[in-house]
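Okay, structure first, notes after.
The values are calculated or read from the model by the stated rules, or taken from the named source; none is laboratory data. What you see is a predicted model, and the numbers here were worked out from it, not measured in a lab. No Cβ is skipped: glycine too gets one built from the backbone with ideal geometry, and neighbour counts run over all protein chains shown. Accessible surface areas use protein heavy atoms only, side chains included; no ligands, DNA or RNA. Shrake-Rupley method; radii C 1.70, N 1.55, O 1.52, S 1.80 Å.
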Amino acid sequence: MPARPSFYAESLQESSTTSADWTNTLSLTFTPDDDADYWLFASAAFTNSSGTNDHVGWASVYHVQAATVLLEQSMQRQEPSSPQDWVGLFGIARLSFGTAPGEQQLDVNINSSHSGDTTKIKDARLLLIKADAADAYAESLGQVNTGSTSWQTAPTLAFTPTSPGDYLVIASATRASNANLGAMRCRLNDVTGAITYGDRAWYCKDNWDNQAFAVMEKLSLAAASRTFRLEYRSESGTL
């Protein structure tokens, strides 16, 4: 396979804000090809100083020209020091462009839900890779909830590889629970292969923390139909 066009930006140093307004910490400007799709991979580590209920730090990835938030996650730290907790920001998205799209800009922004708290971010990275016709993708962008401890399905990806070989499967989501210290689980279910990846309990510090779930596996697949599901459930009966 020929090399794919890509664009990349990073900001590895620590940035911070005490404002409730969005503060830009990294921008990626690029000019995509006409009538093309791109895969966005975004990652960073972020934290917030407050331990007060409902005080959180927010981080987002924003597409300026589309006026669209592509990724938005939040956190409240568990440990204030020695060292202070940081959590991961991660997400993937598909960006589609038409004829003569012109220069585009993606921003990584942070804020504090309550002015005066300090939200920090570091190791921020944005990577765009041009999609190939053989790539397969599924998404479910709306919020879905369950109080059930049985597995629920979010997106389902069913595809047939064009040729046998090694394939990279990446799943990501933003997860939350509606109860302080509430717990839930996410996993990637390879239905055809009868194996799951990434399943473990995740406990939020504050209700409706929105934090990342991500799993990646390299699989050797035959040129035959394959089905994957990203699944979630409550650990304790809370949403």
In the neighborhood of residue 25, defined by Cβ-to-Cβ distances under 14 Å, what is the net charge if each Lys or Arg adds +1 and each Asp or Glu adds -1?
-2
Rounded to 0.05, the calculated FRET efficiency for the beta carbons of residue 20 and residue 84 at R₀ = 25 Å is 0.75
Per residue, how much accessible area does the stretch 106-234 show when a 1.4 Å probe rolls over the protein heavy atoms, in square angstrom?
48 Å²
Carbon and sulfur atoms account, in whole percent of the 1.4 Å probe accessible area of the chain, for 46 percent
Nitroxide proxy distance, nm - points 7 Å out along Cα→Cβ at residue 4 and residue 168:
0.7 nm
Among 150, 19, 49, the residue with the largest mean-square fluctuation in a Gaussian network model of the chain built from Cα contacts under 10 Å is 150
Option label - semi-axes √(5λ) of the Cα gyration tensor in Å computed here, alternatives (1) 24, 22, 21; (2) 46, 19, 15; (3) 30, 26, 14
(3)
Two pseudo-spin positions, 7 Å from Cα along C-beta at residue 94 and at residue 208, lie apart in nanometres by 3.0 nm
Under the 7 Å Cα-to-Cβ spin-label approximation, residue 122 and residue 146 lie apart by a distance in nanometres of 3.8 nm
Under 15 Å from the Cβ of residue 201, count the other residues' Cβ atoms, weight Lys and Arg +1, Asp and Glu -1, and hand me the total.
+2
Rank 69, 64, 169 by accessible area, highest first, at a 1.4 Å probe radius?
69, 64, 169
With a Cα-only, solvent-free Debye model of the stretch 115-167, what are the log10 I(q)/I(0) values at q = 0.13, 0.26, 0.27, 0.30 Å⁻¹?
-0.73, -1.09, -1.13, -1.26
Tell me which trypsin sites (Lys or Arg not before Pro) from the stretch 141-226 have a DSSP coil assignment and no more than 14 other beta carbons within 10 Å of their own.
none
When the chain is fully extended, how far beyond the present Cα-Cα distance does residue 72 get from residue 103, taking 0.36 nm per residue of separation?
8.9 nm
